[in-house]
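Only one structure is covered here, and it is reproduced in the block below.
What follows is calculated from the coordinates using simple rules that are stated; it is not laboratory data. This one's a predicted model, so the numbers in the text were calculated from it and none came from an experiment. All Cβ positions, glycine included, derive from the backbone under ideal geometry; neighbour counts span all protein chains shown.
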Amino acid sequence: MKKNFTIDPIPYLKETRRKNKKKYTTFLKGLIRRKVRGLDNFAIALHKDAFKKIDCLECANCCKTMSPTYTKTDVKRISAHIGMGYKEYFDKYLYTDDTGDILNKKTPCHFLKADNKCSIYPVRPKDCSGFPHTNLRDFKLFISGTHIQNISYCPATMHIVDKMYKVIIEKGKRNLSAEDVKLKV
């Protein structure tokens, strides 16, 4: 059964980012200090709502423009899956940046197929399987290192932050619940 997605991801991301990126970045930075009850459950509900409206396979912007951060365990698992040794795989596709993170040498990802599917989906990096990390508890802990970056690349993250901004700032709600996802904003 094909889902009825209601948001065309790339045009939505470009338009919303053009209009609101600075405002949403400031909002997210302020959210770290703001007292808002129920934020984690609200964020998880927004995450579920976003993925009812946005089809990742119509987008794949994360795979086209970003690199996941690999763990050594990811590299071992993936290299074994594709029949390469750890060092051979690392030397061909990866590098370690100046902070010690293991990243792809180039984008788009070498495992991204023409249909926007991942050719190693069952063994993909943990960073990919959790992306965009908006369904995790302690939403605030991921703001500065993850969510602020992801509003530039991920339509689902932008949708979540857009709705969050409208409910918290425009509607003035400070006690949130998963039900607040249904608010008309």
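Worth pointing out:
- Going by neighbour counts of Cβ atoms within 10 Å, the residues ASP180, ASP138 line up, fewest first, as ASP138, ASP180.
- Cα-based shape type of the chain, given that a ≥ b ≥ c are square roots of the gyration tensor eigenvalues and the cut on a/c is 1.5: prolate
- Charged side chains reduced to their Cβ positions (Lys and Arg at +1, Asp and Glu at -1) give the chain a dipole of some 720 debye around its Cα centre.
- Dividing the summed helix terms, -39500 (n - 2.57) for each DSSP H run of n ≥ 4, by the number of residues in the chain produces a 222 nm estimate of -12500 deg cm²/dmol to the nearest 500.
- Gaussian network model of the chain, Cα within-10 Å springs - most flexible of TYR153, TYR86, TYR165: TYR86
- Relative contact order (%) - the chain, alpha-carbon pairs under 8 angstrom, separation at least six: 37 percent
- Which of HIS147, TYR86, SER129, positive extreme of dipole for the chain (C-beta unit charges): HIS147
- Candidate lysines - alpha carbon under 25 Å from LYS76, same-chain residues fewer than 8 apart omitted: LYS64, LYS87, LYS92, LYS105, LYS106, LYS113, LYS117, LYS126
- Inter-part distance where region 120-185 and region 47-108 are each reduced to a Cα centre, Å: 21 Å
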